[in-house]
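The values are calculated or read from the model by the stated rules, or taken from the named source; none is laboratory data. Model, not experiment: these values are computed from the prediction. Cβ placement follows ideal geometry from the backbone for every residue including glycine, while neighbour counts extend to all protein chains displayed. Note: areas computed on protein heavy atoms with side chains; ligands, DNA, RNA excluded. Shrake-Rupley method; radii C 1.70, N 1.55, O 1.52, S 1.80 Å.
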Amino acid sequence: MNYYLIAGERSGDLHGANLIKAIRRYDSGSPGDEPVFRAYGGEQMEAAGAVLVRHYREMAFMGFLEVVKNLGTIRRIMRECQADLLANRPDVLILIDYAGFNLRMARFAKKHGIRVFYYISPKVWAWNQRRALKIKATVDKLFTILPFETEFFAKYDYEVEYVGNPLLDALADFHPNPAFRVENGIQDQPIIALLPGSRHQEITSILPAMLETTRQFPGYQFVLGTVSNLPDSLYRSMLADFPHVICVSDAAYDLLHIATAALVTSGTATLETALLNIPQVVCYKTTGISYAIAKNLIAVPFISLVNLIANREVVKELIQNDLTPVRITAELQRILPGEVGRDTQLADYAEVQQKMGGPGASQRAGQLMVAELTIN
């Protein structure tokens, strides 16, 4: 069978790659009729065997204002994607998160008689919740990864498949590099990880406040997790006044594995950090206009997945004007060894992990997708 996948960011690329591997396991095909994959994604999906049509870095716009400013580019890419989809006419279009783009692609595919699966639901429960009806109308099967999503979609009489969370798969496959400290010149001091995100705007908005905080903790080694899809020059310009901060590229899990605590930009990384049992402070900042719009639309009380799964504050969220070096310093101090806040957060992590279940999401999703296509 022919599969067409679309992921618009780094985490989607990871989960798409694992999904491709799972589909290959259950759709072995006959000789000469092996499964074929075509994708909008990244290096990991390409390494898993997909023909990469366009890299997600060309599509990663964050925030309402940024999307509006880049509407011309987004529309052009969407037209190209639609034309490529029709030219290849896969057995199924598999969409991975990335709601703004992918919900439109779902509608387009449905209109042209192409079956649509959605893996990792758009966060319609966060804002404009009635978009759940659009998903119901255009997506043949939705595979969800957060435990509370089943109940949410049931309110719209939409039965979904909860497959567990693919982060648990990625963590189960993770094997720490025993030479990580030596290879990266990291001394034996306790480590505080800085994870400012994977988008250009996240780095420029959030990293400066994180870096200013590093001056307040001379007993710790701060290590910045960078990503290779962004230019080194971006990081170098911001680190010019912080020579004591070490950089490691594309090694978030290895970094967190040796970290005592972390400052983490809101997103998937907050849940990864919790699943690795590293106390954290969640950081988020965007443009004033984007924040004002979001504040009026968001329908949930938290922005981090950790707090949303727990349905209460487990990790501190410093958002917009609260994201200052003074506030970060105070909250980081609370979760360092010997502090009560650290023990409390680690105990709360256990509750979150129990709700998440075990690994196997990618395998379950792949098996269910192949079965659905085979039966129907």
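Figure note: ARG312, ARG131, ARG10 ranked by solvent-accessible area, largest first, 1.4 Å probe, ligands and nucleic acids not counted: ARG312, ARG10, ARG131.
Going by accessible surface with a 1.4 Å probe and the largest first, PHE180, PHE108 read PHE108, PHE180. Distance between the 7 Å Cα→Cβ label points at VAL36 and HIS112: 1.5 nm. Residues in region 40-52 carry Karplus couplings, in order, of 9, x, x, 4, 6, 5, 5, 5, 7, x, 7, 6, 8 Hz; the curve used is 6.51 cos²θ - 1.76 cosθ + 1.60 with θ = phi - 60°, and Gly or Pro positions show x.
Using the per-residue mean of other Cβ atoms lying within 10 Å as a proxy for protection, in what order, highest first, do the peptides 145-151, 14-20 fall?
Values: 145-151: 16.3, 14-20: 26.7.
The packing order, highest mean first, is 14-20, 145-151.
Working with all protein chains in place, sort ARG334, ARG342 by solvent-accessible area computed with a 1.4 Å probe, largest first.
Values: ARG334 115, ARG342 40 Å².
Putting ARG334, ARG342 in descending order of accessible area: ARG334, ARG342.
Given +1 at the Cβ of Lys and Arg, -1 at the Cβ of Asp and Glu and no other charges, the dipole of the chain around its Cα centre is 1380 debye to the nearest 20.
Here's how it looks for ASP27: its modeled amide H is under 5 Å from none belonging to a residue 5 or more places away or on a different chain.
Full-extension gain between THR344 and ALA137, please, as 0.36 nm times their residue separation minus the C-alpha to C-alpha distance.
Details: separation 207, 0.36 × 207 = 74.52 nm, distance 4.30 nm.
The span from THR344 to ALA137 would gain 70.2 nm if fully extended.
Taking the convex hull of the Cα atoms, report for region 76-131 its projected area averaged over all directions, in nm².
Numbers: hull surface 16.0 nm².
Result: 4.0 nm².
Rounded to the nearest 10 square angstrom, SER28 shows an accessible area of 80 square angstrom against a 1.4 Å probe. Computed with every protein chain present, the accessible area of ASP343 is close to 100 Å² [probe 1.4 Å]. Taking label points 7 Å from Cα along the Cα-to-Cβ direction, GLN333 and PHE174 give a separation of 2.9 nm.
Here the Karplus relation 6.51 cos²θ - 1.76 cosθ + 1.60, evaluated at θ = phi - 60°, turns the backbone of region 352-359 into coupling constants of 4, 5, 5, 5, 6, x, x, x Hz, with x for every Gly and Pro.
Treating each Cα of the chain as one equal point scatterer and applying the Debye formula with no solvent, the log10 of I(q)/I(0) at q = 0.09, 0.14, 0.15 Å⁻¹ comes out as -0.52, -1.28, -1.45. Among ALA310, LEU275, PHE101, which residue has its Cα positioned farthest towards the positive end of the charge dipole of the chain, with +1 placed on the Cβ of Lys and Arg, -1 on the Cβ of Asp and Glu, and the dipole taken about the Cα centre? The residue sitting most towards the positive pole is PHE101. For LYS123, the solvent-accessible surface computed with a 1.4 Å probe is close to 80 Å², ligands and nucleic acids excluded. If one takes the longest principal axis of the Cα atoms in the chain, at what angle in degrees, from 0 to 90 and to the nearest 10, does the Cα axis of helix 288-297 lie? With rounding to tens, the tilt is 60 degrees. Summarising the label geometry, the points placed 7 Å from Cα in the beta-carbon direction at ASP241 and LYS355 lie 4.0 nm from one another.
Probe of 1.4 angstrom, ligands and nucleic acids ignored: what's the accessible area per residue over the chain, in square angstrom?
Numbers: 16260 Å² over 376 residues.
Using a 1.4 Å probe on heavy atoms only, each residue of the chain averages 43 Å².
List the aspartates and glutamates whose alpha-carbon lies under 12 Å from that of LYS316, not counting same-chain residues fewer than 8 positions away? Partners within reach: GLU331.
In whole percent, how big is the carbon plus sulfur part of the accessible area of the chain, probe 1.4 Å, protein atoms only?
Numbers: 8300 of 16260 Å².
The value for the chain is 51 percent carbon and sulfur by accessible area.
Which of the pairs LYS155/LYS355; LYS134/LYS285; LYS123/LYS155; LYS123/LYS355 have their Cα atoms more than 27 Å apart in this structure? Pairs exceeding the cut-off: LYS134/LYS285.
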